[in-house]
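Nothing in this text is a laboratory measurement; each read-out follows from the coordinates by a stated rule. Nothing here was measured: the structure is a model prediction, and the numbers come from that model. Cβ sites come from the backbone with ideal geometry, for glycine too, and all protein chains shown count toward neighbours.
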Amino acid sequence: MSSTMITARAAGTWNLGGDLPVHRVGFGAMRLTGSAAFHLGRPSDRTRSIAVLRRAVELGVNHIDTAAFYFSSLRSANELINSALGPYPDDLVIVTKVGPHRDPSGEWGTWARPDQLRGQVEENLRQLGRDHLDVVNLRRARSWDSIAEHFGALAELREAGLIRHLGVSAVEPRHLAEAQRIAPVVCVQNEYGLHAPDPGTEELLRLCGEQGIAFVPFFALAGQGAEHGAAEAAQGGVDEAVAAVARAHGATPAQVRLAWTLQLGPQVLAIPGTGDPEHLRENVAAGELRLTQDDLTRLAAARPQAPAA
């Protein structure tokens, strides 16, 4: 498919939280630092990273996903965003997340206690140069059976005006319900893609559609850099099916994966990340790709089987 002059508008728009309209193809900032998921990588080229961010906005991207803990030895995603895009366009929505903790050397420590979340929110504010955050996601640690105390702490910061909207990440359906009893939830971020079927996440996808909540899958591009080895477990048949669909449309496999993600429902927002200007252009152009029912059937047949609930 041709990606010349295709902008993020081609994917359509979702009203995040009811008052923040965003194009459904956004941008994930993690890879700008050279990091891959929860692992340190080689520091990225600063000039190139800033150019990619500016080009993303030129292509109509107005939803950027980031976090203060996205940094490598020389790069901070939030600082790059601030340097590249400040003063920010009026329609730009920056979504960040809190919960995980890293010390200045990059080593991962214990996850934040509820009383430490204000410090994490304030660190994001400082790095981004803002007086409030558009959306803050609470990233759940696997060891947390309940998120009520942590989410309640963020709800207090929302009431104080530091946060506009709240979301949750890496959760099960019961955690979404738990959070909603405390404060409105505008988005759910979970790992999901052709490579990562999961009954709980598919239930979240359904609930988000019914309740008007944005569902924002991460690692949708074959789980590149996924935390738990999902990418390695999902190769073979699904890759062959993706490649065949890509050939039929004159598209790249990544574009097919993004198009499949967007066709899950109007509430689904994509946040592919890249430090490569050409990959950025291709990712944005995927918003115009429409898969046929035959394409979707072929991809569904090739997907790995979901583990038992």
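For residue 133, the residues whose modelled amide H falls within less than 5 Å of its own, excluding neighbours fewer than 5 places apart on the same chain, are 163, 164. Distances between placed amide hydrogens fall under 5 Å for residue 219 paired with no residue 5 or more residues away or on another chain. Distance between the 7 Å Cα→Cβ label points at residue 107 and residue 91: 4.6 nm. Whole-percent P(r), the range 1-153, all Cα pairs, 5 Å bins from 0: 2, 9, 18, 20, 20, 16, 10, 5, 1, 0.
Each semi-axis of the equivalent ellipsoid for the chain is √(5λ) with λ an eigenvalue of the Cα gyration tensor; in descending order they amount to 28, 23, 19 Å. Highest GNM mean-square fluctuation, the chain, Cα pairs closer than 10 Å: which of 96, 66, 297? Answer for the Gaussian network model of the chain: 297. Sequence-ordered 3J(HN,Hα) estimates for the range 177-186 from the Karplus curve with 6.51, -1.76 and 1.60 and θ = phi - 60° stand at 4, 4, 5, 5, 6, 9, 7, x, 10, 9 Hz, glycine and proline given as x.
Taking each DSSP H run with n ≥ 4 as -39500 (n - 2.57) and averaging over every residue of the chain yields -11000 deg cm²/dmol at 222 nm.
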